[in-house]
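Reading through the C-alpha coordinates given below for one structure.
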Amino acid sequence: MIHHLKNILLPLFVFGLHALSLAQIMIPNPSFEDTILREFPPEPWQHLSTPDHQPGNWSVTAPAYHGNYYLGMVTRSNGTQEHTFVRVDIPAGQEWNMIFWISGTSDIYGNGGREPCRINFWVSDTTPDAPASYRKRIYQSDLAPLDGWESRIFNFSTEQAAKYLILQSEFSDPSDPTWANVFIDHLSPIYQGRIIMDAGPDTTLCEGDSLVLTSSHPDMTLSMGFGLKTDRLVIRFPGLYTIHYHYRDLVVVDSLRVQVNAYPRFQLPADTAICEGESFSVAPNPIPNATEFSWSDGLTGPERIIERPGLYELTAWKGECLFTDTIVVGSTVCTHTLEMPNVFSPNGDGYNDLFLPMEALNVIDPTWIIFDRWGREIFQSTSLHPGWDGTWHRAPMPAGTYYWVLSFLDPRQQRHIKKGYVVLLR
(Lines give C-alpha, C1' and ligand atoms only; values in the text may rest on other atoms or scores of the structure.)
Protein backbone atom coordinates (compact mmCIF):
# COMPACT_ATOMS: atom_id res chain seq x y z
CA MET A 1 0.00 0.00 0.00
CA ILE A 2 1.42 3.37 -1.03
CA HIS A 3 0.34 6.80 0.23
CA HIS A 4 0.99 9.95 -1.82
CA LEU A 5 0.63 13.64 -1.04
CA LYS A 6 0.45 15.78 -4.13
CA ASN A 7 -0.14 19.40 -4.94
CA ILE A 8 -0.53 19.54 -8.74
CA LEU A 9 -1.84 22.89 -9.01
CA LEU A 10 0.67 24.61 -6.53
CA PRO A 11 0.02 28.32 -7.17
CA LEU A 12 3.69 29.43 -7.03
CA PHE A 13 4.59 32.97 -8.30
CA VAL A 14 8.30 32.69 -8.98
CA PHE A 15 9.76 35.23 -11.38
CA GLY A 16 13.32 34.59 -12.49
CA LEU A 17 15.98 37.14 -11.72
CA HIS A 18 17.81 38.87 -14.56
CA ALA A 19 21.53 39.29 -14.77
CA LEU A 20 22.85 41.81 -12.29
CA SER A 21 24.17 44.20 -14.95
CA LEU A 22 21.33 45.62 -17.07
CA ALA A 23 21.36 48.44 -19.57
CA GLN A 24 19.49 51.71 -19.21
CA ILE A 25 18.81 54.33 -21.84
CA MET A 26 18.69 57.92 -20.69
CA ILE A 27 15.91 60.16 -21.99
CA PRO A 28 16.95 63.75 -22.69
CA ASN A 29 15.34 66.29 -20.34
CA PRO A 30 12.96 63.73 -18.73
CA SER A 31 11.34 66.34 -16.42
CA PHE A 32 10.85 68.95 -19.15
CA GLU A 33 12.96 71.64 -17.46
CA ASP A 34 13.52 74.79 -19.57
CA THR A 35 12.31 78.33 -20.10
CA ILE A 36 8.53 78.36 -20.32
CA LEU A 37 7.17 78.65 -23.87
CA ARG A 38 3.51 78.46 -24.82
CA GLU A 39 2.67 75.76 -27.41
CA PHE A 40 6.24 74.50 -27.48
CA PRO A 41 7.85 71.62 -25.58
CA PRO A 42 11.22 72.21 -23.89
CA GLU A 43 14.43 71.35 -25.73
CA PRO A 44 15.36 68.86 -27.10
CA TRP A 45 11.75 67.68 -27.36
CA GLN A 46 10.13 68.43 -30.73
CA HIS A 47 6.51 68.61 -31.84
CA LEU A 48 4.14 68.50 -34.79
CA SER A 49 1.18 69.92 -32.95
CA THR A 50 1.23 72.24 -29.96
CA PRO A 51 1.97 70.68 -26.55
CA ASP A 52 2.47 73.16 -23.73
CA HIS A 53 5.28 73.69 -21.25
CA GLN A 54 3.66 73.93 -17.80
CA PRO A 55 2.86 75.43 -15.33
CA GLY A 56 2.29 79.00 -16.39
CA ASN A 57 0.46 78.69 -19.68
CA TRP A 58 -3.30 78.79 -20.17
CA SER A 59 -3.76 79.67 -16.49
CA VAL A 60 -2.41 76.30 -15.34
CA THR A 61 -0.92 76.62 -11.85
CA ALA A 62 -0.62 73.06 -10.50
CA PRO A 63 2.98 72.40 -9.31
CA ALA A 64 5.30 69.88 -10.94
CA TYR A 65 5.90 66.48 -9.41
CA HIS A 66 9.66 66.71 -9.99
CA GLY A 67 11.67 69.86 -10.64
CA ASN A 68 9.85 72.99 -11.71
CA TYR A 69 8.09 72.11 -14.93
CA TYR A 70 6.12 69.43 -16.78
CA LEU A 71 4.44 68.80 -20.12
CA GLY A 72 0.76 69.41 -20.89
CA MET A 73 -1.16 68.08 -23.88
CA VAL A 74 -4.81 68.09 -24.94
CA THR A 75 -7.28 66.29 -27.15
CA ARG A 76 -9.81 68.35 -29.04
CA SER A 77 -13.45 67.93 -29.99
CA ASN A 78 -12.47 68.26 -33.66
CA GLY A 79 -10.67 64.89 -33.38
CA THR A 80 -7.09 66.20 -33.22
CA GLN A 81 -4.38 65.18 -30.76
CA GLU A 82 -1.01 66.57 -29.70
CA HIS A 83 2.41 64.95 -30.08
CA THR A 84 5.92 65.50 -28.86
CA PHE A 85 8.98 63.35 -29.55
CA VAL A 86 12.67 63.08 -28.73
CA ARG A 87 15.61 61.16 -30.18
CA VAL A 88 16.26 57.97 -28.17
CA ASP A 89 18.10 55.00 -29.66
CA ILE A 90 16.56 51.72 -28.47
CA PRO A 91 18.11 48.42 -29.65
CA ALA A 92 16.02 45.64 -31.14
CA GLY A 93 15.12 42.36 -29.52
CA GLN A 94 14.99 43.47 -25.89
CA GLU A 95 12.48 43.83 -23.07
CA TRP A 96 12.30 47.20 -21.31
CA ASN A 97 10.45 48.98 -18.54
CA MET A 98 9.76 52.62 -17.86
CA ILE A 99 8.25 54.80 -15.11
CA PHE A 100 6.57 58.20 -15.42
CA TRP A 101 4.17 60.44 -13.50
CA ILE A 102 0.76 61.51 -14.78
CA SER A 103 -1.99 63.91 -13.73
CA GLY A 104 -5.20 65.34 -15.08
CA THR A 105 -5.55 68.05 -12.45
CA SER A 106 -6.38 71.44 -13.94
CA ASP A 107 -9.21 73.62 -12.72
CA ILE A 108 -8.47 76.16 -15.47
CA TYR A 109 -7.01 75.28 -18.84
CA GLY A 110 -7.57 77.51 -21.82
CA ASN A 111 -11.16 78.63 -21.96
CA GLY A 112 -12.35 76.48 -19.05
CA GLY A 113 -11.93 73.31 -17.05
CA ARG A 114 -11.56 70.07 -19.00
CA GLU A 115 -11.89 66.35 -18.34
CA PRO A 116 -8.74 64.17 -18.19
CA CYS A 117 -7.64 62.07 -21.14
CA ARG A 118 -4.98 59.43 -21.68
CA ILE A 119 -1.38 59.30 -22.93
CA ASN A 120 0.13 57.05 -25.59
CA PHE A 121 3.81 56.12 -25.77
CA TRP A 122 5.21 55.09 -29.14
CA VAL A 123 8.62 54.06 -30.48
CA SER A 124 9.53 54.60 -34.11
CA ASP A 125 12.47 54.45 -36.49
CA THR A 126 11.48 57.88 -37.90
CA THR A 127 9.86 61.10 -36.71
CA PRO A 128 6.03 61.03 -36.53
CA ASP A 129 5.64 63.02 -39.75
CA ALA A 130 7.66 60.56 -41.87
CA PRO A 131 6.78 57.09 -43.16
CA ALA A 132 8.10 54.42 -40.80
CA SER A 133 9.15 50.85 -41.38
CA TYR A 134 8.77 50.27 -37.64
CA ARG A 135 6.38 52.16 -35.40
CA LYS A 136 4.78 50.62 -32.36
CA ARG A 137 2.56 51.85 -29.58
CA ILE A 138 4.22 50.51 -26.44
CA TYR A 139 1.77 51.84 -23.84
CA GLN A 140 -1.63 53.48 -23.40
CA SER A 141 -2.51 54.83 -19.98
CA ASP A 142 -5.75 54.81 -18.12
CA LEU A 143 -7.47 58.16 -17.62
CA ALA A 144 -5.19 60.69 -15.96
CA PRO A 145 -5.98 61.03 -12.22
CA LEU A 146 -7.71 64.18 -11.01
CA ASP A 147 -6.36 64.18 -7.45
CA GLY A 148 -2.71 64.92 -8.09
CA TRP A 149 0.27 63.09 -9.52
CA GLU A 150 0.41 59.30 -9.76
CA SER A 151 3.13 57.03 -11.03
CA ARG A 152 2.75 54.52 -13.83
CA ILE A 153 5.11 51.74 -14.84
CA PHE A 154 4.95 49.64 -17.98
CA ASN A 155 6.89 46.99 -19.87
CA PHE A 156 7.50 46.85 -23.59
CA SER A 157 9.63 45.06 -26.15
CA THR A 158 11.28 46.14 -29.38
CA GLU A 159 11.24 43.74 -32.31
CA GLN A 160 13.27 46.24 -34.36
CA ALA A 161 15.57 49.10 -33.48
CA ALA A 162 13.85 52.42 -32.71
CA LYS A 163 15.24 55.95 -32.81
CA TYR A 164 12.44 58.06 -31.38
CA LEU A 165 10.19 58.08 -28.34
CA ILE A 166 6.83 59.69 -29.11
CA LEU A 167 4.25 60.94 -26.58
CA GLN A 168 0.71 61.47 -27.86
CA SER A 169 -2.47 62.62 -26.14
CA GLU A 170 -5.26 60.07 -26.48
CA PHE A 171 -9.03 60.57 -26.29
CA SER A 172 -10.80 59.32 -23.21
CA ASP A 173 -13.32 57.83 -25.64
CA PRO A 174 -12.13 57.68 -29.29
CA SER A 175 -15.73 57.28 -30.48
CA ASP A 176 -16.64 60.65 -28.90
CA PRO A 177 -13.72 63.15 -29.22
CA THR A 178 -13.82 65.87 -26.57
CA TRP A 179 -11.60 68.57 -25.14
CA ALA A 180 -9.50 66.94 -22.42
CA ASN A 181 -6.03 67.34 -20.95
CA VAL A 182 -3.18 65.24 -19.57
CA PHE A 183 0.08 66.25 -17.82
CA ILE A 184 3.32 64.25 -17.85
CA ASP A 185 6.42 64.61 -15.63
CA HIS A 186 9.57 62.86 -14.52
CA LEU A 187 10.18 60.18 -17.16
CA SER A 188 12.57 57.55 -15.90
CA PRO A 189 15.38 56.12 -18.01
CA ILE A 190 14.35 53.19 -20.18
CA TYR A 191 15.53 50.24 -18.12
CA GLN A 192 16.33 46.85 -19.56
CA GLY A 193 14.30 43.94 -18.21
CA ARG A 194 10.71 43.12 -17.46
CA ILE A 195 9.08 44.34 -14.23
CA ILE A 196 6.25 42.52 -12.46
CA MET A 197 4.72 44.31 -9.50
CA ASP A 198 1.68 42.13 -9.02
CA ALA A 199 1.22 39.45 -6.36
CA GLY A 200 -1.25 37.63 -8.57
CA PRO A 201 -4.78 36.48 -7.76
CA ASP A 202 -5.93 35.29 -4.35
CA THR A 203 -4.91 31.68 -3.97
CA THR A 204 -5.37 28.53 -1.94
CA LEU A 205 -2.44 26.50 -0.66
CA CYS A 206 -2.39 22.91 0.47
CA GLU A 207 -1.18 22.23 4.01
CA GLY A 208 2.61 22.16 4.14
CA ASP A 209 3.01 24.00 0.83
CA SER A 210 4.24 27.56 0.42
CA LEU A 211 3.79 30.47 -1.94
CA VAL A 212 7.00 32.18 -3.02
CA LEU A 213 7.01 35.75 -4.34
CA THR A 214 10.33 36.85 -5.80
CA SER A 215 11.67 39.99 -7.38
CA SER A 216 11.39 40.19 -11.14
CA HIS A 217 14.39 42.54 -11.43
CA PRO A 218 17.77 42.96 -9.68
CA ASP A 219 16.81 46.51 -8.68
CA MET A 220 13.50 45.48 -7.11
CA THR A 221 12.88 44.42 -3.51
CA LEU A 222 9.76 43.25 -1.71
CA SER A 223 8.44 43.77 1.78
CA MET A 224 5.29 43.27 3.79
CA GLY A 225 5.30 46.86 4.99
CA PHE A 226 7.32 46.51 8.19
CA GLY A 227 10.73 47.59 6.96
CA LEU A 228 12.50 44.36 5.99
CA LYS A 229 13.17 44.37 2.25
CA THR A 230 14.15 41.22 0.40
CA ASP A 231 14.13 39.71 -3.07
CA ARG A 232 12.06 36.72 -1.86
CA LEU A 233 8.95 36.41 0.32
CA VAL A 234 7.64 33.01 1.48
CA ILE A 235 4.00 32.66 2.56
CA ARG A 236 2.87 29.51 4.37
CA PHE A 237 -0.14 30.53 6.46
CA PRO A 238 -3.65 31.81 5.69
CA GLY A 239 -4.37 35.52 5.83
CA LEU A 240 -4.54 38.79 3.93
CA TYR A 241 -1.04 39.93 2.95
CA THR A 242 -0.01 43.43 1.84
CA ILE A 243 2.96 43.25 -0.52
CA HIS A 244 5.15 46.31 -1.18
CA TYR A 245 7.19 46.34 -4.38
CA HIS A 246 10.15 48.75 -4.18
CA TYR A 247 11.66 49.70 -7.54
CA ARG A 248 13.82 52.79 -8.12
CA ASP A 249 11.92 55.61 -6.40
CA LEU A 250 8.60 53.82 -6.89
CA VAL A 251 6.60 51.77 -4.37
CA VAL A 252 3.63 49.73 -5.59
CA VAL A 253 1.35 48.09 -3.02
CA ASP A 254 -0.68 44.99 -3.80
CA SER A 255 -2.73 42.67 -1.61
CA LEU A 256 -3.07 38.91 -1.66
CA ARG A 257 -5.46 36.69 0.29
CA VAL A 258 -4.21 33.17 1.01
CA GLN A 259 -6.28 30.24 2.23
CA VAL A 260 -4.87 26.86 3.32
CA ASN A 261 -6.73 23.60 2.73
CA ALA A 262 -6.07 20.33 4.51
CA TYR A 263 -5.38 17.27 2.39
CA PRO A 264 -8.41 14.93 2.13
CA ARG A 265 -6.64 12.04 3.87
CA PHE A 266 -7.94 8.46 3.87
CA GLN A 267 -6.76 4.85 3.75
CA LEU A 268 -7.75 1.99 1.47
CA PRO A 269 -7.95 -1.60 2.78
CA ALA A 270 -4.82 -3.74 2.91
CA ASP A 271 -3.56 -5.43 -0.25
CA THR A 272 -5.45 -8.65 -0.93
CA ALA A 273 -6.19 -11.34 -3.51
CA ILE A 274 -9.35 -12.09 -5.45
CA CYS A 275 -10.76 -15.42 -6.55
CA GLU A 276 -11.58 -15.94 -10.21
CA GLY A 277 -15.17 -14.99 -10.95
CA GLU A 278 -15.66 -13.18 -7.66
CA SER A 279 -15.75 -9.49 -6.71
CA PHE A 280 -15.65 -7.33 -3.60
CA SER A 281 -16.42 -3.75 -2.57
CA VAL A 282 -13.73 -1.21 -1.67
CA ALA A 283 -14.16 2.18 0.03
CA PRO A 284 -11.74 4.63 1.71
CA ASN A 285 -11.69 4.86 5.48
CA PRO A 286 -12.71 7.38 6.49
CA ILE A 287 -14.47 8.82 3.46
CA PRO A 288 -12.85 12.28 3.35
CA ASN A 289 -14.52 15.64 2.86
CA ALA A 290 -13.44 15.87 -0.77
CA THR A 291 -14.98 17.53 -3.80
CA GLU A 292 -13.96 14.85 -6.31
CA PHE A 293 -12.91 11.20 -6.32
CA SER A 294 -11.17 9.51 -9.23
CA TRP A 295 -9.89 5.93 -9.61
CA SER A 296 -6.92 5.12 -11.85
CA ASP A 297 -9.12 3.10 -14.24
CA GLY A 298 -11.52 6.00 -14.82
CA LEU A 299 -14.27 5.29 -12.28
CA THR A 300 -15.44 8.13 -10.05
CA GLY A 301 -16.79 8.26 -6.53
CA PRO A 302 -15.25 6.96 -3.31
CA GLU A 303 -16.70 3.42 -3.39
CA ARG A 304 -16.34 0.82 -6.11
CA ILE A 305 -16.47 -2.90 -6.97
CA ILE A 306 -13.24 -4.72 -7.87
CA GLU A 307 -13.60 -7.77 -10.12
CA ARG A 308 -10.08 -8.31 -11.48
CA PRO A 309 -6.52 -8.37 -10.13
CA GLY A 310 -4.47 -5.20 -10.51
CA LEU A 311 -3.22 -2.02 -8.85
CA TYR A 312 -6.03 0.41 -8.04
CA GLU A 313 -5.30 4.03 -7.08
CA LEU A 314 -7.90 6.39 -5.63
CA THR A 315 -7.34 10.16 -5.75
CA ALA A 316 -9.42 12.50 -3.60
CA TRP A 317 -9.46 16.21 -4.46
CA LYS A 318 -10.28 19.15 -2.23
CA GLY A 319 -9.79 22.22 -4.32
CA GLU A 320 -6.24 21.99 -5.66
CA CYS A 321 -5.14 19.65 -2.86
CA LEU A 322 -5.17 15.94 -3.53
CA PHE A 323 -4.40 12.75 -1.64
CA THR A 324 -3.95 9.28 -3.14
CA ASP A 325 -3.74 5.74 -1.85
CA THR A 326 -3.43 2.39 -3.61
CA ILE A 327 -4.56 -1.18 -3.12
CA VAL A 328 -2.89 -4.09 -4.88
CA VAL A 329 -5.24 -6.95 -5.71
CA GLY A 330 -3.65 -10.27 -6.62
CA SER A 331 -5.23 -13.44 -7.96
CA THR A 332 -5.54 -16.77 -6.17
CA VAL A 333 -7.02 -20.21 -6.68
CA CYS A 334 -10.04 -20.31 -4.41
CA THR A 335 -11.04 -23.99 -4.77
CA HIS A 336 -9.77 -26.49 -2.20
CA THR A 337 -9.22 -30.26 -2.23
CA LEU A 338 -8.67 -32.72 0.63
CA GLU A 339 -8.43 -36.50 0.09
CA MET A 340 -7.54 -38.81 2.99
CA PRO A 341 -6.66 -42.54 2.79
CA ASN A 342 -8.78 -45.03 4.72
CA VAL A 343 -5.98 -47.50 5.51
CA PHE A 344 -2.26 -47.39 6.31
CA SER A 345 0.33 -49.92 7.56
CA PRO A 346 3.09 -48.48 9.78
CA ASN A 347 5.34 -51.58 9.55
CA GLY A 348 8.51 -49.89 8.38
CA ASP A 349 8.50 -51.29 4.85
CA GLY A 350 8.45 -47.85 3.32
CA TYR A 351 4.95 -48.17 1.90
CA ASN A 352 2.00 -46.41 3.54
CA ASP A 353 3.90 -46.14 6.82
CA LEU A 354 2.26 -42.72 7.61
CA PHE A 355 -1.32 -41.57 7.75
CA LEU A 356 -1.50 -38.21 5.90
CA PRO A 357 -3.55 -36.64 3.09
CA MET A 358 -3.16 -38.13 -0.36
CA GLU A 359 -4.00 -34.66 -1.80
CA ALA A 360 -4.39 -31.29 -0.09
CA LEU A 361 -4.89 -28.06 -2.09
CA ASN A 362 -5.51 -24.69 -0.44
CA VAL A 363 -5.92 -26.23 3.01
CA ILE A 364 -5.02 -23.34 5.30
CA ASP A 365 -4.47 -23.25 9.06
CA PRO A 366 -5.27 -26.94 9.68
CA THR A 367 -5.97 -28.49 13.08
CA TRP A 368 -5.89 -32.31 12.96
CA ILE A 369 -7.00 -34.71 15.76
CA ILE A 370 -7.13 -38.54 15.79
CA PHE A 371 -9.11 -40.61 18.32
CA ASP A 372 -9.16 -44.34 19.18
CA ARG A 373 -12.40 -46.33 19.36
CA TRP A 374 -12.90 -45.26 23.00
CA GLY A 375 -12.63 -41.55 22.18
CA ARG A 376 -9.17 -40.98 23.54
CA GLU A 377 -7.18 -38.28 21.72
CA ILE A 378 -4.01 -40.04 20.58
CA PHE A 379 -2.71 -37.51 18.00
CA GLN A 380 -2.95 -33.77 17.38
CA SER A 381 -1.14 -31.52 14.92
CA THR A 382 -1.44 -28.11 13.22
CA SER A 383 0.39 -29.38 10.16
CA LEU A 384 -0.56 -31.98 7.58
CA HIS A 385 2.98 -33.27 7.46
CA PRO A 386 4.68 -35.54 8.32
CA GLY A 387 1.40 -37.23 9.41
CA TRP A 388 0.61 -39.91 12.05
CA ASP A 389 3.03 -42.80 12.41
CA GLY A 390 0.59 -45.06 14.32
CA THR A 391 2.05 -44.48 17.79
CA TRP A 392 0.86 -42.92 21.04
CA HIS A 393 3.43 -41.74 23.54
CA ARG A 394 5.98 -43.47 21.25
CA ALA A 395 4.29 -46.84 21.71
CA PRO A 396 2.77 -48.60 18.65
CA MET A 397 -1.01 -48.62 18.61
CA PRO A 398 -2.76 -51.91 17.88
CA ALA A 399 -4.39 -52.67 14.56
CA GLY A 400 -7.91 -51.38 14.32
CA THR A 401 -10.10 -48.48 13.29
CA TYR A 402 -9.28 -44.89 14.27
CA TYR A 403 -11.28 -41.70 13.74
CA TRP A 404 -10.02 -38.27 12.66
CA VAL A 405 -11.33 -34.67 12.57
CA LEU A 406 -9.61 -32.00 10.41
CA SER A 407 -10.50 -28.27 10.64
CA PHE A 408 -9.08 -25.79 8.10
CA LEU A 409 -9.69 -22.52 6.20
CA ASP A 410 -10.09 -22.15 2.44
CA PRO A 411 -8.76 -19.15 0.41
CA ARG A 412 -12.00 -17.26 1.08
CA GLN A 413 -11.28 -17.60 4.79
CA GLN A 414 -14.22 -19.89 5.29
CA ARG A 415 -13.66 -22.71 7.83
CA HIS A 416 -14.37 -26.35 7.03
CA ILE A 417 -14.48 -29.40 9.28
CA LYS A 418 -13.86 -32.84 7.73
CA LYS A 419 -14.31 -36.16 9.54
CA GLY A 420 -13.44 -39.76 8.68
CA TYR A 421 -11.81 -42.99 9.76
CA VAL A 422 -8.69 -44.93 8.93
CA VAL A 423 -7.83 -48.61 9.44
CA LEU A 424 -4.41 -49.29 10.90
CA LEU A 425 -2.95 -52.64 9.69
CA ARG A 426 -0.09 -54.52 11.37
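Treating r as the C-beta distance of Phe154 and Asn289 and R0 as 51 Å, the FRET efficiency rounds to 0.70.
Farthest towards the positive end of the charge dipole of the chain, among the residues Ile327, Phe237, Val212, is the Cα of Ile327, using unit charges on the Cβ of Lys, Arg, Asp and Glu. Count Lys and Arg as plus one, Asp and Glu as minus one, and take only other residues whose Cβ is under 12 Å from that of Val123; the net charge is then +2. May I ask you to derive the FRET efficiency for Thr272 and His246 from their Cβ-Cβ distance with R0 = 60 Å, giving the value to the nearest 0.05? Calculated transfer efficiency: 0.50. Spatially, the stretch 65-106 and the stretch 198-266 are offset by 33 Å when compared through their Cα centroids.
Based on C-alpha pairs under 8 angstrom that are at least 6 apart in sequence, the chain has a relative contact order of 13 percent. The modelled label-to-label distance between Gln380 and Phe280, using points 7 Å beyond Cα along the C-beta direction, is 3.1 nm.
What is the sum of charges, Lys and Arg at +1 and Asp and Glu at -1, for the other residues whose Cβ falls under 15 Å from the Cβ of Trp96? Before the final figure, lay out each step's value.
Details: positive: Lys136, Arg137, Arg152, Lys163, Arg194, Arg248; negative: Asp89, Glu95, Glu159, Asp219.
Once positives and negatives cancel, what remains is +2.
Straight-line cross-link partners of Lys136 among the lysines, defined as a Cα under 30 Å from its Cα and at least 8 positions apart when in the same chain: Lys163.
Roughly speaking, to the nearest percent, how much of the chain's 1.4 Å accessible area is carbon and sulfur? Carbon with sulfur: 51 percent of the solvent-accessible area.
Between Ser296 and Gln414, the simple label model (points 7 Å from Cα in the Cβ direction) yields a spacing of 3.1 nm. Remark: the Phe371-Thr35 segment gains 108.3 nm on full extension, using 0.36 nm per residue and subtracting the alpha carbon distance. Quick one: net charge around Thr326, please, counting Lys, Arg +1 and Asp, Glu -1 for every other residue with C-beta under 11 Å from its C-beta. Taking every Cβ under 11 Å from that of Thr326, the sum is -3.
Positive-end ranking of Leu356, Gly225, Tyr263 along the dipole of the chain, with charges on Cβ about the Cα centre, is headed by Leu356.
Taking the structure as given and computing Kirkwood radius over Cα pairs in Å, which label from (1) 23.7; (2) 30.0; (3) 28.5 fits? Looking at Kirkwood radius over Cα pairs in Å for this model, the match is (2).
By the Cβ rule of 4.7 Å, the chain holds the following cysteines without a possible disulfide partner: Cys117.
Using the 1.4 Å probe convention, the accessible area of the chain works out to 51 Å² per residue with neighbouring protein chains retained.
The values are calculated or read from the model by the stated rules, or taken from the named source; none is laboratory data. This one's a predicted model, so the numbers in the text were calculated from it and none came from an experiment. Cβ: placed from backbone, ideal geometry, glycine included. Neighbour counts: every protein chain shown. SASA here: full protein model, heavy atoms, side chains in, ligands and nucleic acids out. Shrake-Rupley method; radii C 1.70, N 1.55, O 1.52, S 1.80 Å.
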